[in-house]
1. Within region 145-178, which residues are of a type in the set (G, A, S) and out of contact with any helix residue (DSSP H, G or I) (no Cβ under 6 Å at 6 or more places or on another chain)?
2. Regarding region 252-265, can at least one residue be identified that is farther than 21 Å from H307 by Cα, modelled with pLDDT of 90 or more, outside the structural domain of E116 (by TED's automatic domain parsing) and among the aromatic types (F, W, Y)?
3. Can you tell me which residue is nearest to S276 (Cα to Cα) among those in region 211-246 that are basic (K, R) and surrounded by 16 or more Cβ atoms within 10 Å (Cβ to Cβ)?
4. Only one residue in R123, R107 is out of contact with any Leu (no Cβ under 8 Å at 6 or more places or on another chain), surrounded by 13 or more Cβ atoms within 10 Å (Cβ to Cβ) and at negative phi, so which one is that?
5. Got a number for residues in region 221-251 being under 16 Å from H307 (Cβ atoms) and out of contact with any helix residue (DSSP H, G or I) (no Cβ under 7 Å at 6 or more places or on another chain)?
6. Can you give me the number of residues within region 219-233 that are without any contact (Cβ under 8 Å) to a residue 40 or more places away in the chain and either on the phi > 0 side of the Ramachandran plot or not polar (S, T, N, Q) (or both)?
7. Looking at L132, L185, L167, L109 in this structure, which one is closer than 26 Å to W243 by Cβ and not β-branched (V, I, T)?
Amino acid sequence: MSTARKHSNAYYTRKAEGEYQPCKNAVSVRNDFDADLFRYRGIIYEGSTGIHICADNRFAEFIEQYKGKEARYAENLQKIVSTYGLSPRYTQPKVRKADLFPPDDKRRLSKTLFQEDKSWFRRSPIDTGPELYTMEKDFMQYGMNSPLYTPCNGWMVPLAMLPLDRLDQPGFSVHGFIEAKFEALLAEPAEWIDDTIAELLGRREEADAHNLPMQQARDAAISIAERELLLHNPVPRLNHDGWNLFVHLFRENGIKLPTQTRKWVQSSLKEIRYKSDGGCSFRYSGKCDKAIGSYILKLTAAVKEKHRAREKSSVLNALGEHQKTIAAQGRASPTVKKEQPTV
């Protein structure tokens, strides 16, 4: 019953969220009806979908269940494939296990332009042209279709932002190209300069000075949004030149969104509201991100705590100033000498 489709030598398990996780130490499991099965951490999985079949100690029962009923197994498998689709083992047959789990000398932890955190990268199997890398978490999911990066000054630069037709030309420099882009942005007062570009070039102070008027406007927008949230008023999306109010509202209040949720917020979330009953509501376009409600409530809790801390600080500052005033008045008061009684 083995499938006629070509497949990779790598195995993947399917997560509840629909993503696939490659398995480093998975092994093929022989069986009487030649199905594509594998064992990983005491669990038996179906190879073409990554779906959990049974615990290892119940595998004999599973085989007995379908003994002489191969057609029934094939029918059930087809239903699973129709529902969940094929795993990268079959959709990306050219991605080998060695590509997914390279030796450490082909991996590096690096900062990336336009992203907050460091990520693990690995050398791309594509060995033509400049030195190329893929982000590990992307490669696990998309294989050879993953976005490519090239190193510059200890950073990873997305290949998509570079002129691909000039990469191999003599004298072309990734650093020089980014610096020219920085200079062009610097000449435009209304253009925001990304912090990561400035840090790569070692010109953060210039970028901060350039961004200051826009940063002040953005800070004001965030303050207004926080106030409206606490007043149970709807907060609409503000999206200007790539700056998204909601993304920065979460970030400023220490709420870290998963990558997919952050992308959904940036593209689809239209309005949020914290309701007086302690719940929340939101408007969006397209498909709904099921986790967003919990993040809105976390955001509201963080905003409440921040405002409580500010109020407490204001009260303490006012009390301190009052005590200073009283002390100063006491020092300024004239000393009254008591007269000695006369006999």
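The values are calculated or read from the model by the stated rules, or taken from the named source; none is laboratory data. Since this is a predicted model, take the numbers as computed values, not measurements. Virtual Cβ from ideal backbone geometry, glycine too; neighbours counted across all protein chains shown.
1. Across region 145-178, the qualifying residues are G154, A160, G171, S173, G176.
2. Yes, because at least one residue in region 252-265 is farther than 21 Å from H307 by Cα, modelled with pLDDT of 90 or more, outside the structural domain of E116 (by TED's automatic domain parsing) and among the aromatic types (F, W, Y).
3. Residue satisfying both the conditions and the ranking: R237.
4. Residue meeting the stated conditions: R107.
5. Matching residues across region 221-251 total 7.
6. 9
7. L185 is the lone residue from the list that is closer than 26 Å to W243 by Cβ and not β-branched (V, I, T).
Residues checked against (1) farther than 19 Å from R227 by Cβ; (2) acidic (D, E); (3) in contact with a helix residue (DSSP H, G or I) (Cβ under 7 Å, 6 or more places away or on another chain):
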| residue | (1), (2), (3) |
| --- | --- |
| Q266 | yes, no, yes |
| C288 | yes, no, no |
| R308 | no, no, no |
| E311 | no, yes, no |
| A328 | yes, no, no |
